[in-house]
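The values are calculated or read from the model by the stated rules, or taken from the named source; none is laboratory data. Note that the coordinates shown come from a computational prediction; the quantities given were computed from them, not determined experimentally. Positions of Cβ are generated from backbone atoms using ideal geometry, with glycine treated the same way; all protein chains shown enter the neighbour counts.
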Amino acid sequence: MEQLNHKKVTEPGVDKLIVFFKAACLLLAMSLNSCFSTVKQDFYLTNNNGGYTLKSTFGSTYPETDSILVFGYTRDVETNAPLMSSTVQFYCDTSLSEEKGYYELRIKKGLDVDSYFTAVSLGYKRVETTILNTAGLDSLRIDFFLEKDTTPIFHCNQ
């Protein structure tokens, strides 16, 4: 049986151009990956059946500022419905969520302290994060999921 030998024929300089584009694509992919690097994004269950998710970024994703953007949503843990007028707090800094449950909070950059964030909403149980260290972060997304509080506000004996 006769074997056919095929010889690769290309225009002069095309091989160099292909190598250049492959290298450029690799560098672009690596730079995009570093721009959107995330530390973690898991669901953390709290002791009251609520919870939260975290997603933090660092590096040069955002312009140099003296604060860290903390943002996210407050939602009902069972229905995933947004919770309007929830309060998210970090020490004395607070933010109120808008009608879609979105909140934003700016905290001082460079704090090398361990602390936690809290979300509360009328008719729901409070959710607190575990102790977090925000040193070196540019942004931190925390989505809070709160459970309805079925404890009556008033106990009336009739």
### Message
If L122 meets every condition in (1) surrounded by fewer than 12 Cβ atoms within 10 Å (Cβ to Cβ); (2) within 19 Å of L45 (Cβ to Cβ); (3) modelled with pLDDT of 85 or more apart from one, which number is that one?
### Response
(2)
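Could you tell me whether region 114-126 includes any residue that is touching a Lys or Arg at 6+ places or on another chain (Cβ under 9 Å), of a type in the set (A, V, I, L, M) and without any contact (Cβ under 8 Å) to a residue 40 or more places away in the chain?
From region 114-126, those touching a Lys or Arg at 6+ places or on another chain (Cβ under 9 Å) are 118-120, 123-125; that's our starting set.
Restricting the remaining residues to those that are of a type in the set (A, V, I, L, M) gives 119-120.
Now restrict to residues that are without any contact (Cβ under 8 Å) to a residue 40 or more places away in the chain: 120.
Looking for residues that are touching a Lys or Arg at 6+ places or on another chain (Cβ under 9 Å), of a type in the set (A, V, I, L, M) and without any contact (Cβ under 8 Å) to a residue 40 or more places away in the chain, one finds at least one in region 114-126, hence yes.
Can you find, within region 47-79, the residue that is modelled with the highest pLDDT among those that are assigned to a loop (DSSP other than H, G, I, E, B) and within 18 Å of the chain's Cα centre (by Cα)? I'd like the intermediate steps shown before the answer.
Initial filter on region 47-79 (assigned to a loop (DSSP other than H, G, I, E, B)): 47-50, 58-66, 77-79.
Applying the additional criterion that residues be within 18 Å of the chain's Cα centre (by Cα) yields 50, 58-63, 77.
Details: G50: 84, F58: 64, G59: 59, S60: 49, T61: 50, Y62: 50, P63: 54, V77: 93.
Per the criteria, the residue is V77.
Would you mind stating whether I107 is surrounded by 17 or more Cβ atoms within 10 Å (Cβ to Cβ), under 15 Å from Y44 (Cα atoms) and within 17 Å of the chain's Cα centre (by Cα)?
Values: surrounded by 17 or more Cβ atoms within 10 Å (Cβ to Cβ): yes; under 15 Å from Y44 (Cα atoms): no; within 17 Å of the chain's Cα centre (by Cα): yes.
Spelling it out, it is not the case that I107 is surrounded by 17 or more Cβ atoms within 10 Å (Cβ to Cβ), under 15 Å from Y44 (Cα atoms) and within 17 Å of the chain's Cα centre (by Cα).
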### Query
Inside region 88-158, counting only strands (runs of 3 or more DSSP E) that do not spill past its ends, which hold 3 or more residues that are closer than 19 Å to T65 by Cβ?
102-108, 139-146
